[in-house]
Amino acid sequence: CSSDLGVDKFQNFALQAELDTHDPETCELKIPFLRKRARVVEIVSAKDLVFGLTQTGVCAAFNRRTKRRVCFLNIVPDEIIRSLFYNKVNDSIITVSVYRTDNFSSLKCRSTPIEYVRRAMPDATFPLFESESLRWPGFVEFDDVNSKVLTYSADNKVYTMWDLINYKPLYRITDTSIQEIKIGPGVMLVIYQRVGSHIPLKLRSIETGEILTSFQHLIHRNKKVDFIEQFNEKLLVKQENENLQIYDVWKGELKEVERQQFSTPSAFIFLYENQLFLTFKNRNVAVWNSRGELVTKFENHTLYHPDCNTNNIYITSQQDTLISYCRNGNASVGSINISSILNGKSLARITADKSGDMRVHHALCDVTAIYYNEEENELYSGTRSGMIHIWSN
């Protein structure tokens, strides 16, 4: 879409409605702290439904047309929902929860068809990955790009790749020396525990698990590894007080970027479509290409919260627009800023500057989650007080 269309699309966003994730009267939530007001930590939208998850683990589903709550997704009294994933391939919402029955120690996943949520039947759900022990340090990671799910079962130290369409296991990897697995389009990087001055690495096919290539990356023996990231065919490696190394896995070529030009960020987001990646550090966002060159700095896009958290920013599916909660000069409340990733220019801002409406002021006070519904051109923001606000033009 042209940048003009992008600008028009976001102009004149106004507050349309507010939804409350908190209901002290509900009989569904039995644990006392579930009945307390809590910040919204995640918002997901699926067709006509909007899901808001709070820090205490309550998940409320709302109908975006009627602006009413449909149901809570917590289906037993002691369930604390930790995260949500909308599975577009089979139109269901996946919840990852912990329960008091095992002292909140292991993750349990279940899938609920959107149709049943719409009918306020959240218990028409089925469990996923029951064979796996997802106690810490076990985990589950949903991979939208490849339509896969990766689980790590802590008891037997097994990584399993599952199909997101039918939840069937595709293959397992058993290796106690694996430190971490990073997933990219079509491939995954398996990082092993360092051995002296080397880190052993393998690239595997996401579809089959077959090893595509194995190699060792040379590192400084006595320095901490700040990060190892996989970005398409490139490997990004940075050690404490050292240059950024960019290694081309297929060509075997190594490039270095001076540490003065690239200091270790607090978070990355990889935009595989555009061969770019975002870094977050000290409230600032920057865009880099795969050669480690700075492509874009954003005008007027200073993040409100110093700790970047992906629930507090949104990147469009075209990977060309960044929506974040930002500082608004010296104003007491922040603003929601919409910027072009490709040139850093501001496309639009939602502020309380000229609004005498206290609801707008409250809506922009301490935003903790953001989600943009691209089909409906609606923006949802959640606050520390547990409210979700709908903005559109």
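What the table shows:
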| item | result |
| --- | --- |
| Subset of the stretch 50-63 (residues that are under 15 Å from Ala120 (Cα atoms) and crowded, with 20+ Cβ neighbours inside 10 Å) | Val50, Phe51, Cys59, Ala60, Ala61, Phe62 |
| Among (1) open to solvent by 60 Å² or more (accessible area, probe 1.4 Å); (2) on the phi < 0 side of the Ramachandran plot; (3) of a type in the set (S, T, N, Q); (4) in contact (Cβ under 8 Å) with a residue 24 or more places away in the chain - the single one Asn330 does not satisfy | (4) |
| The stretch 334-352: number of residues that are farther than 20 Å from Gly382 by Cβ and either in contact with a Cys (Cβ under 9 Å, 6 or more places away or on another chain) or hydroxyl-bearing (Ser, Thr, Tyr) (or both) | 3 |
| Subset of the stretch 194-221 (residues that are more than 24 Å from Val158 (Cβ to Cβ), touching an Asp or Glu at 6+ places or on another chain (Cβ under 9 Å) and in contact (Cβ under 8 Å) with a residue 24 or more places away in the chain) | Ile219 |
| Hits in the stretch 150-193 (condition: free of Cβ contacts under 8 Å to residues at least 60 places away in the same chain, among the β-branched types (Val, Ile, Thr) and either surrounded by 18 or more Cβ atoms within 10 Å (Cβ to Cβ) or over 22 Å from Asn222 (Cα atoms) (or both)) | Thr151, Val158, Thr160, Ile173, Thr174, Thr176, Ile181, Ile183, Val187, Val190, Ile191 |
| Residue selected from the stretch 23-49 under the condition farther than 23 Å from Phe85 by Cβ and at pLDDT 70 or above, by the criterion least open to solvent (accessible area, probe 1.4 Å) | Asp23 |
| Lone qualifier among Glu229, Glu253, Glu273, Glu258 - being of a type in the set (Asp, Glu), under 26 Å from the mean Cα position of the chain (by Cα) and open to solvent by 50 Å² or more (accessible area, probe 1.4 Å) | Glu273 |
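The values are calculated or read from the model by the stated rules, or taken from the named source; none is laboratory data. On a predicted model such as this, the values are computed, not experimentally measured, just so you know. Cβ atoms come from the backbone with ideal geometry, glycine included; neighbour counts cover every protein chain shown. Heads up: the accessible areas ignore ligands, DNA and RNA and are worked out on the full protein's heavy atoms, side chains in. Shrake-Rupley method; radii C 1.70, N 1.55, O 1.52, S 1.80 Å.
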